[in-house]
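Below is one structure, written out as structure tokens, with a few remarks after it.
The values are calculated or read from the model by the stated rules, or taken from the named source; none is laboratory data. These figures come from a predicted structure and were not determined experimentally. Cβ: placed from backbone, ideal geometry, glycine included. Neighbour counts: every protein chain shown.
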Amino acid sequence: MWYNEATTVAERISTLSYKFLLFDLDHTLLDFDTAEDIALTHFLEEQGVTEIQTYKDYYIPMNKGLWRELEQGKITKPELVNTRFSRLFAHFGIEKDGAELALLYQQHIAQQGQTYAGASELLDSLTAADFEIYGATNGITAIQTGRMANSDISPYFNHIFISEKMGTQKPEALFYEKIAEQIPDFDLSQTLMIGDSLTADIAGANNAGLDSVWYNPKQLENESFFQPTYTAYSYDDIIRLLVP
């Protein structure tokens with residue numbers, strides 16, 4: 001079942017009253033794994049690294065861990081950005097300037113605008129159905145702006161709300177409060193958050209009192225305390241939910 005069992009048919013029909021769609025970007029529309037892999041390869045080659053896969057195998061889980069710590073408020077965005085690459089090279093016994101490396105990596109990752117198959121068709125269908133589409137992403141402004149500019153989905157968005165620029169992030173309710181201040185005629189009851197992360201997107205929607213769609217193409221079990229209004233296993237599920 002692609003919508004929660006607690007959701008009745010009548011409640012599903014009421015979704016047609018949604019007007020504002022807040023889309024997470026990475027792992028929902030933007031193919032972050034491919035983007036990261038290509039950017040890391042170019043970046044590490046530039047740094048003279050020969051054992052590229054070995055470096056990736058250490059960096060990728062370490063970076064994910066730092067983003068989790070950021071979501072939990074354990075570290076700040078500057079700490080994450082300016083130390084992740086110095087930590088990477090330090091693991092292999094090399095001392096590097098983390099802030100300098102961050103800027104170099106940023107140049108590579110910002111060029112990567114890969115999207116998942118069907119993403120543009122999804123947004124095209126939703127735009128044709130008169131939804132207002134916004135991006136809601138935890139990320140670095142220069143990187144996310146660059147990646148969207150290099151993607152095929154940028155024209156569908158009214159605006160992209162990026163955590164670094166907002167001064168707050170998902171899952172904090174303040175992130176959504178600031179979004180509400182910037183969208184004309186915003187109505188909480190007409191807003192739907194769509195994303196893949198239970199701890200950022202769905203938790204954030206719960207905190208802000210928003211309905212949400214957990215985009216779950218891998219059909220993972222929800223072992224968290226965070227409850228989406230709907231669960232979608234594909235883009236087609238989202239279209240069936242929202243487009244009559």
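Brief remarks on what is shown
- Matching entry among Ile202, Ile194, Ile238, Ile183 (being closer than 19 Å to Tyr134 by Cα and surrounded by fewer than 22 Cβ atoms within 10 Å (Cβ to Cβ)): Ile183
- Looking only at the range 149-164, residues that are under 27 Å from Asp124 (Cα atoms) and either assigned to a helix (DSSP H, G or I) or of a type in the set (Ser, Thr, Tyr) (or both) come to 6 in all.
- Number of the exception - Arg12 against (1) at pLDDT 95 or above; (2) touching a strand residue (DSSP E or B) at 6+ places or on another chain (Cβ under 7 Å); (3) charged (D, E, K, R): (1)
- Listed by first and then second residue, the pairs with beta-carbon distance under 9 Å, at least 6 apart or on different chains, first residue in the range 120-139 and under 14 Å from Leu241 (Cα atoms), second in a strand (DSSP E or B) and of a type in the set (A, V, I, L, M, F, W, C), are Leu123/Phe23; Leu123/Ile133; Leu126/Leu21; Leu126/Ile133; Phe131/Phe20; Phe131/Leu21; Phe131/Leu192.
- Filter result for Ile140 (at pLDDT below 95 and within 20 Å of Leu29 (Cα to Cα)): yes
- Pairs, first at positive phi in the range 92-118, second assigned to a helix (DSSP H, G or I) and surrounded by 13 or more Cβ atoms within 10 Å (Cβ to Cβ), C-beta under 9 Å, six or more apart: Gly118/Tyr235; Gly118/Asp236
- Scanning the range 205-235 for residues that are crowded, with 21+ Cβ neighbours inside 10 Å, in contact with a Ser or Thr (Cβ under 8 Å, 6 or more places away or on another chain) and either modelled with pLDDT under 95 or in a helix (DSSP H, G or I) (or both) yields a single hit, Ala205.
- Of all residues in the range 58-88, those being aromatic (Phe, Trp, Tyr) and surrounded by fewer than 17 Cβ atoms within 10 Å (Cβ to Cβ) number 1.
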